[in-house]
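Colleague: Below are the structure tokens for one structure; questions will follow.
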Amino acid sequence: MKKISAAAAVLFGVIAVLLSVLFLFALFSGPRSEVISEFSSCPRSLEITTVASDIIIEQGDSFRIEYLLSGKERVGRFEFSDDVFVFSAAGKFFGRPSFRERFVKVTVPESFVFSSVSLKTVSGNISLICRSVLSFDEGRFETVSGDCLLGKTAFRNAAVKTVSGRIALSPQVSESCTLKTVSGNVDIRLREKVSVEAESYGAVSVYGEDFGNRAVIRFADSPVIAAGSVSGSVTVTADEK
């Protein structure tokens, strides 16, 4: 009976050591990085989701992807076809957080028009770095604590949402655009004036005029931009005088 107990103790000891090694490996595992060579074609739609890594879309000569994930993220889903590109980073229970830049960067052809773009992250930023206008039909951009810096865009409909992050964009809208944040600021720069509905307990300024907490400006046959913040400011400007 004592021999059996001793063997069991040794077995439990070995299991404990193995579990400790696995725990330490997961805890101190570094960020995962990869550069994927250029693809032969560009998908019609983009769907990218991260936990802590920034999402960056920039223009180039062809479609390619590069990523450096936090040690607390892993690649949860990766799909590519002519119709859609899907990249999803899932959180890990164990893992060493990265203090370096964490990102998923997608390079897209400069002249390509996407049918849809969906970018979502929890604490990362969303950035569109464009040499010219990035065009798509439908767009959805969501963060919790990150900023949405969308640059020059052209689209039919788009929705942008964040909790504590800033929203900034320079859009060409053919139908509608909805922007919502709780404590962040909303900054919109237009090429020409369109209809605007803006509301905030902070400050609302549209086309150089202060409106207090709410502004409703209508133009006939015009697309509509609806912007709202709880405590941040909402500022809408237009290049035309």
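Computed from the coordinates by the stated procedures, all read-outs in this text should not be read as laboratory data. Model, not experiment: these values are computed from the prediction. FYI the Cβ positions are ideal-geometry reconstructions off the backbone, even for glycines, and counts take in every protein chain you see.
Colleague: Which peptide among 153-160, 72-79, 179-186, 112-119 comes first, and what is the full order, when sorted by highest mean count of other Cβ atoms within 10 Å?
Modeller: 179-186, 153-160, 112-119, 72-79
Colleague: Grab the beta carbon distance between residue 239 and residue 66, set R0 = 41 Å, and tell me the FRET efficiency rounded to 0.05. Before the final figure, lay out each step's value.
Modeller: Numbers: r = 33 Å, r/R0 = 0.82.
My answer for the efficiency is 0.75.
Colleague: Got a sec to turn the phi values of segment 72-78 into Karplus ³J(HN,Hα) couplings, 6.51 cos²θ - 1.76 cosθ + 1.60 with θ = phi - 60°, whole Hz, x for Gly and Pro?
Modeller: With the stated coefficients, segment 72-78 comes to 9, 10, 9, 6, x, 7, 9 Hz.
Colleague: With labels modelled as points extended 7 Å from the Cα through the Cβ direction, what inter-label distance (nm, one decimal) is found for residue 230 paired with residue 110?
Modeller: Output for this residue pair reads 4.3 nm.
Colleague: Note down the nm distance, to one decimal, between modelled labels 7 Å out along Cα→Cβ at residue 82 and at residue 132.
Modeller: A separation of 2.4 nm, rounded to one decimal place.
Colleague: Another one. On full extension of the chain, what length is gained from residue 192 through residue 210, given 0.36 nm per residue of separation minus the C-alpha to C-alpha distance?
Modeller: Full extension of this stretch gives 4.6 nm more.
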